[in-house]
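First comes the structure, then the notes that go with it.
Nothing in this text is a laboratory measurement; each read-out follows from the coordinates by a stated rule. Remember, it's a predicted structure, so these values are computed and weren't measured experimentally. When we count neighbours, we look across all protein chains shown, and the Cβ atoms used for this are built from the backbone with ideal geometry, even at glycine.
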Amino acid sequence: MFVLILGAPGSGKGTQGKILAERLQLPKITTGDILRAAVKDGTPLGQEAKKYMDQGQLVPDTLILELIKAEVSKPEAKNGAVFDGFPRTAAQAELVDRVLGAEGNRLNHILLLDVPEEELVRRLMSRAPVEGRSDDTPEAIKTRLAVYQRDTAPLVAHYAQRGVMHHVPGTGTIDQIAEDIRRIIGR
Ligand code: B4P
């Protein structure tokens, strides 16, 4: 089973993705974590990605498409995975469809976490002193929310046509939201 968790920055994708992947015993593929590890290790990808991430901009598709292809093609993701933080652009969505389709697979469930913007900002600002992420500054948060509306929100309309998208209210407790997701997926 392939599940995509879609939502704005701060909507709880990482939080719910972890719970879901553990429950379904599937690998979780999180482009944000992979990029942050590359930045930490100072790899060529990390050095380039950092310039965009610190500003709250998306890392360009030219840098990220190969990374996504490699992750989605890994043997451990052959029978399913939870995708968290990608696809974020039309080109990434097209690539995911192509790589899954080549193996006769498709996205089975798309979960859209709905959270109002004031709550998103509150969560990201309260995380800033705890995790020390360089993109949890007021300027970068503003940019990330605007980039989400511009580049990622259009994917919602694209996926809505497939009939596998579910809106999940993302403002309850973490456990309530996880329970909603369990009910939707049926597992
Ligand atoms: P990501 O790591 O994906 O960061 P994000 O969108 O801000 O979401 P995050 O996972 O941190 O937050 P979450 O909603 O789980 O991307 C970071 C950057 O990497 C991007 O800006 C971009 O530059 C780059 N990037 C990543 N993927 C890319 C791609 N595919 N293409 C191009 N660039 C890419 O949770 C936020 C907070 O809310 C948490 O602190 C959590 O504790 C809290 N929370 C969760 N659920 C809650 C609840 N129910 N109630 C209260 N708080 C809750």
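Restricting the stretch 36-145 to GluC sites (Glu not before Pro) that sit in a DSSP loop and have at most 15 other Cβ atoms within 10 Å of their own Cβ leaves E103. At full extension, Q161 and E94 could sit 22.6 nm farther apart than now, given 0.36 nm per residue minus the alpha carbon distance. The value for the chain of Rg(Cα) / (2.2 N^0.38 Å) is 0.98. Summing Cβ point charges (Lys, Arg +1; Asp, Glu -1) relative to the Cα centre of the stretch 2-181 gives a dipole of roughly 200 debye. Between E103 and K74, full extension at 0.36 nm per residue minus the direct alpha carbon distance yields a gain of 9.2 nm. For the modelled label position 7 Å from the Cα of T171 along Cα-to-Cβ, which residues of the stretch 120-163 have backbone nitrogen atoms closer than 14 Å? Under 14 Å, as judged by backbone N against the label point of T171, lie 120-123 of the stretch 120-163.
With R₀ set to 35 Å, the beta-carbon distance separating M1 from L63 gives a calculated FRET efficiency near 0.75. If you count Lys pairs in the chain whose Cα atoms are under 17 Å apart, skipping same-chain pairs closer than 8 places in sequence, the total is 9. What's the local net charge at G10, with K and R +1, D and E -1, over the other residues with C-beta under 10 Å away? Taking every other residue near G10 into account, the sum is +2.
For the chain, the share of DSSP beta bridges that are antiparallel, to the nearest 5, is 0%. Run through the stretch 29-101 and list the trypsin sites (Lys or Arg not before Pro) located in a DSSP loop whose Cβ has at most 12 other Cβ atoms within 10 Å. Answer in residue order: K78.
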